[in-house]
Amino acid sequence: MRTIQFREAICEAMSEEMRRDESIYLMGEEVAEYNGAYKASKGMLAEFGEKRVIDTPIAELGFSGIAVGSAMNGNRPIVEYMTFNFCLVGIDQIINNAAKMRQMTGGQFNVPIVFRGPTASAGQLGATHSQALENWFANTPGLKVVVPSTPYDAKGLLKSAIRDNDPVIFMESEQMYGDKGEVPDGEYTIPLGVADVKREGTDVTIVSFGKIIKEAFIAADELAKEGISCEIIDLRTVRPMDKDAILKSVKKTNRLVILEEAWPVASLSSEISYIVQEQAFDFLDAPIQRITTADTPAPYSPVLLKDWLPNAGDVVKAVKKVLYK
């Protein structure tokens, strides 16, 4: 297979779907003339024209609402936020309109929208530009929430998200757009709601998603030197969540560590912990450990930010704790 960047996988997914279906269009800040703030829509304006690749003002509430109305009238918009931190300006349209319209109209209107852009921290960007909000959206019935970690997953999942008849939150990372990975030339999709066992193991299950999963792989390599075998599950989609994949792995390894780049209170790791203790309690040989950011706004200081974020060392400690080592 060829090797391409994460941003190229995103661009390919959108372009292939737009060639297939003329009702699909892309809108957002700098997606057209500038080829995207992160170059994830490079070349799309030249191919599809200004009616289907639309630069918007800095007005997330406005263009999010336009997208909802457009979707109700038969189109399939892709809305790019420069960062999901900025979507908070337009979150009323996502939570109160996009997520609820199908139910509130008795099924008369579907809202096939993809809201996409980067989530979580990306270096020294300050507290208001460093928030991981996937648990906010995963808390909302009516939304599907996707957080891929590789170019292969990103392309296959984005194509499925675009074809989905319900609103999908598709969350990327500014620090992953340059990541490279193998992606096939031909057509493929990945179904939403299906996790992927990225690494087989026997001693402990590590569940994660998005860019922070890289720390799990670093930790697993270190632990392997000590004879500890880690199984790593990439959720890929956090709503709907692949509970069966988590439970199957826990029943094999009997230990669970959850790694998430988000605040601890009401986090997805809290939900996973509840699911496992309810449905696989008798299989656990140790209390579940979760690793999150510190329970504070993200600091700007690089020294403090390093301590604020979860890292491979935290994963190693958590794994050894569940193994009583």
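The values are calculated or read from the model by the stated rules, or taken from the named source; none is laboratory data. Bear in mind that the values here come from a model prediction, so they are computed numbers and not experimental data. Backbone-built Cβ (ideal geometry, glycine too); neighbour counts: all protein chains shown. For the accessible areas, the whole protein counts, side chains as well, though only heavy atoms, and no ligand, DNA or RNA atoms are used. Shrake-Rupley method; radii C 1.70, N 1.55, O 1.52, S 1.80 Å.
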(message) Could you identify which residue out of 233, 258, 218 has the top mean-square fluctuation in a GNM of the chain using Cα springs shorter than 10 Å?
(response) 218
(request) Compare the peptides 28-39, 291-302 by average per-residue count of other Cβ atoms within 10 angstrom and give them in order, highest first. (result) 28-39, 291-302
(request) Kindly express, to the nearest 10 degrees and within the range 0 to 90, the angle between helix 60-72's C-alpha long axis and the longest C-alpha principal axis of the chain. (result) 80
(message) Just the number please: accessible area per residue for the chain, 1.4 Å probe, all protein chains included, in Å².
(response) 42
(message) Only four residue types carry charge here, +1 at the Cβ of Lys and Arg and -1 at the Cβ of Asp and Glu. Report the dipole size of the chain about the Cα centre in Debye, rounded to the nearest 20.
(response) 440
(message) Need one word for the range 1-89: rounded, prolate or oblate. Basis is the Cα gyration tensor (sqrt eigenvalues a ≥ b ≥ c); a/c below 1.5 gives rounded, then a/b vs b/c decides.
(response) oblate
(request) Quick one: which residues, 5+ away or cross-chain, put their amide H under 5 Å from the amide H of residue 24? H built at 1.01 Å from N. (result) 76
(message) Using each residue's phi in the range 302-319, evaluate 6.51 cos²θ - 1.76 cosθ + 1.60 at θ = phi - 60° and report the 3J(HN,Hα) Karplus result to the nearest Hz, with x for Gly and Pro.
(response) x, 5, 5, 4, 4, 6, 5, 7, x, 9, 4, x, 4, 5, 4, 4, 5, 4
(request) For the range 193-252 and the range 67-117, write down the distance between their C-alpha centroids in whole Å. (result) 31
(message) As I understand it, the value is the acute angle between the Cα axis of helix 243-253 and the longest principal axis of the Cα atoms of the chain; what does it come to in degrees, rounded to 10?
(response) 20
(message) With angles folded into 0 to 90 degrees, how steeply does helix 268-279 sit against the dominant principal axis of the chain? Use alpha carbons for both and round to 10.
(response) 60
(message) If you average the C-alpha positions of the range 129-151 and of the range 278-311 separately, how far apart do those two centres end up, in angstrom?
(response) 17
(request) Would you work out which of 125, 284, 176 lies farthest towards the positive end of the dipole of the chain, given +1 charges on the beta-carbon of Lys and Arg and -1 on that of Asp and Glu, about the Cα centre? (result) 284
(request) Measure off, as a whole percent, the carbon and sulfur share of the 1.4 Å-probe accessible area of the chain, all protein chains present. (result) 52
(message) Once you order the gyration tensor axes a ≥ b ≥ c over the Cα atoms, which shape class does the range 213-325 get: rounded for a/c under 1.5, otherwise prolate or oblate by comparing a/b with b/c?
(response) oblate
(request) As a check on your grasp of the helix formula, calculate [θ] at 222 nm for the chain: sum -39500 (n - 2.57) over DSSP H runs of n ≥ 4, divide by the residue count, round to the nearest 500. (result) -9500 deg cm²/dmol
(request) Would you mind checking which residues have amide H under 5 Å from residue 258's amide H? H placed 1.01 Å from N; only 5 or more apart, or other chain. (result) 207, 289, 290, 291
(request) Rank by packing, highest mean first: peptides 110-116, 4-10, with packing defined as the count of other Cβ atoms within 10 Å averaged across residues. (result) 110-116, 4-10
(request) Mind checking which of 11, 46, 32 is farthest towards the positive end of the range 1-82's charge dipole, using Cβ charges of +1 (Lys, Arg) and -1 (Asp, Glu) about the Cα centre? (result) 11
(request) Would you work out if the range 1-181 is rounded, prolate or oblate? Take a ≥ b ≥ c from the square roots of the eigenvalues of the alpha-carbon gyration tensor; rounded if a/c is under 1.5, else prolate when a/b is larger than b/c, oblate otherwise. (result) rounded
(message) Multiplying the sequence separation of residue 75 and residue 96 by 0.36 nm and subtracting their Cα-Cα distance, what value in nm do you get?
(response) 5.6 nm
